[in-house]
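The values are calculated or read from the model by the stated rules, or taken from the named source; none is laboratory data. What you see is a predicted model, and the numbers here were worked out from it, not measured in a lab. Backbone-built Cβ (ideal geometry, glycine too); neighbour counts: all protein chains shown. Accessible surface areas use protein heavy atoms only, side chains included; no ligands, DNA or RNA. Shrake-Rupley method; radii C 1.70, N 1.55, O 1.52, S 1.80 Å.
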Number of protein chains: 2
Amino acid sequence: MSKVENLEEHRIFDGMQYKYRHHSELLDCPMTFSLFLPNKEKFPEPPLLWWLSGLTCNDDNFTHKAGAQRAAARLGIAMIMPDTSPRGEEIADSSDYDLGQGAGFYLNATQEPWASHYKMYDYLTEELTDLVRVELGLDGPEFISGHSMGGHGALVLGLRNPERFQSITAFAPIVNPSEVPWGIKAFENYLGKTEEDWAEWDAVKLMKQHSGKRVPILIDQGDKDPFYKKELEPAKLVEAAKEKDYPLQLRIQSGHDHSYYTIATFIEEHLEFHINELKK
Amino acid sequence: MSKVENLEEHRIFDGMQYKYRHHSELLDCPMTFSLFLPNKEKFPEPPLLWWLSGLTCNDDNFTHKAGAQRAAARLGIAMIMPDTSPRGEEIADSSDYDLGQGAGFYLNATQEPWASHYKMYDYLTEELTDLVRVELGLDGPEFISGHSMGGHGALVLGLRNPERFQSITAFAPIVNPSEVPWGIKAFENYLGKTEEDWAEWDAVKLMKQHSGKRVPILIDQGDKDPFYKKELEPAKLVEAAKEKDYPLQLRIQSGHDHSYYTIATFIEEHLEFHINELKK
């Protein structure tokens, strides 16, 4: 018996879109994820993009709304879209959209009631990674990208695993969660009130302490995004990167907001960025 | 006061995606619709594509999932996505997904409890048309397209209004609703059991009686579509078209199913078909 259950498969462009379910031992609940594979004959060993979604999302949002499969099929990129938290009636939750299920923040919680299930960092970098490599045979080069809370996740996973991810991109990422309302609320609940414990989950703080391999970063931020100044403020990461002479490009996109319409507009350029960095 | 209320606006590619609400006097309820406009400076008088969605859909499905804005922005095509039925707690409904709200079948009902509100044909071809022309200033050439029940709608509206719509395309349309379970159920309820009353709402029957202007038709049908043989069977329309020497192209798309993934794959070719027919 395979460890993964195939829930859906659809042809799209020159590739296939799948939706899977498996039992996560680490999170102690069933988890779904979506996967796009380009044409197997043309691209037998594709690189893999990890896409991390934002608050309230699951694995469907990017899969349905970003239109990324077109460019991924053309460029020969596989894409995995995980869920954003553990799920289930027996899993701790909150009635707030920005805490609990749908808001895992891609970290390992240390505080109850969250610590027993909210281990999204380990889930992604260990359990789901093993599953994708062993069960699905995807063991090529890896990229990482994400939106908002998932942009935070992409930056944190990317900066902490520079030997693994070849390049990082993000849309409207929470770059400095320790200093903004969404992040402070999540970190106080999941990690406790000791701020030193937050540093390893904060891209600006990770950048300030950076040494070693420099994985290139591309960030798109819409100037009509209602969260731009209060929650996101990517210039803080640019500033930290400059001090380290770290390769980071921030593009402020005129007229664009926080929605999937912005992701749809620029996702092709992100996929091309990843492929071009791989070819360098 | 404008008759239309702007609920949302988002930049996407080189254009804008809007969602509107207005009070329909004909349907006697508030209705939403979505509208994409290409860059106004580059395309001040764009042609307009009417997109008619399938069972259970509203104006969001195509807007969110088809990825059509990319090609529409490039080609300079405006797109309007109406809802699929009247809506509201006081509007007749059914607990079945294929009857009542979300399943208006683009016709004018004559039977109660449906007749007082279910007038989607008149709503689209008169009230919403006037609103789009007068309030939104879109009075250029028009195309029509749709999916499944909406493919039926596109064929019926297109064939009945050949002076108005320049070209017709459809994905997995119900071409002969009088003869298949979805259509028979809808027609018996909305139109009554007298089959002669169904003919003006059936694309195969309209084709068999066709005379006058021949508006070109393109149809895509996936061969892995679970409704292909039971509900759709587009070869019936091809056969009727052949007898009339009517320009209709049916493409059977290998491996494709009934989902929006198929629409996403081929919508660009449909938009190009419409633009190319306009240039002829």
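Details
- Residues satisfying the stated conditions in region A:125-154, i.e. buried (at least 24 other Cβ atoms within 10 Å of the Cβ) and within 17 Å of A:CYS57 (Cβ to Cβ): A:ILE144, A:SER145, A:GLY146, A:HIS147, A:SER148, A:MET149, A:GLY150, A:GLY151, A:HIS152, A:GLY153, A:ALA154
- Condition met for B:TYR20 (part of a strand (DSSP E or B) and either more than 14 Å from every other protein chain (Cβ to nearest Cβ) or surrounded by 18 or more Cβ atoms within 10 Å (Cβ to Cβ) (or both)): yes
- Here A:LYS193 clears all of (1) touching a residue at least 12 places away in the same chain (Cβ under 8 Å); (2) basic (Lys, Arg); (3) outside any helix (DSSP H, G or I) except the condition numbered (1).
- Residue within region A:212-222 that is part of a helix (DSSP H, G or I) and either closer than 24 Å to A:LYS185 by Cα or open to solvent by 20 Å² or more (accessible area, probe 1.4 Å) (or both) present: no
- Residues of region A:8-34 that turn out to be closer than 24 Å to A:THR125 by Cβ and out of contact with any helix residue (DSSP H, G or I) (no Cβ under 8 Å at 6 or more places or on another chain), as a count: 8
- Residue check, A:GLY67 closer than 25 Å to A:ASN161 by Cα and either without any contact (Cβ under 8 Å) to a residue 12 or more places away in the chain or out of contact with any strand residue (DSSP E or B) (no Cβ under 7 Å at 6 or more places or on another chain) (or both): no
- Taken over region B:249-268, the residue count meeting the criterion of being more than 8 Å from chain A (Cβ to nearest Cβ) and either in contact (Cβ under 8 Å) with a residue 40 or more places away in the chain or under 17 Å from the mean Cα position of the chain (by Cα) (or both) is 5.
- For region B:158-210, filtered to residues that are among the aromatic types (Phe, Trp, Tyr) and closer than 26 Å to B:GLU269 by Cα, the residue that is surrounded by the most Cβ atoms within 10 Å (Cβ to Cβ) is B:PHE171.
- From the options A:PRO86, A:PRO162, residue that is assigned to a loop (DSSP other than H, G, I, E, B), within 17 Å of A:ARG21 (Cα to Cα) and within 18 Å of the chain's Cα centre (by Cα): A:PRO86
- Verdict on B:LYS236 being assigned to a helix (DSSP H, G or I), in contact (Cβ under 8 Å) with a residue 60 or more places away in the chain and open to solvent by 20 Å² or more (accessible area, probe 1.4 Å): yes
- Selection of region A:253-280 for residues being under 14 Å from B:GLY15 (Cα atoms), open to solvent by 20 Å² or more (accessible area, probe 1.4 Å) and not in a helix (DSSP H, G or I) yields A:GLN253, A:SER254, A:GLY255, A:ASP257.
- On the stretch given as region B:223-233, residues that are outside any helix (DSSP H, G or I) and at pLDDT 95 or above total 5.
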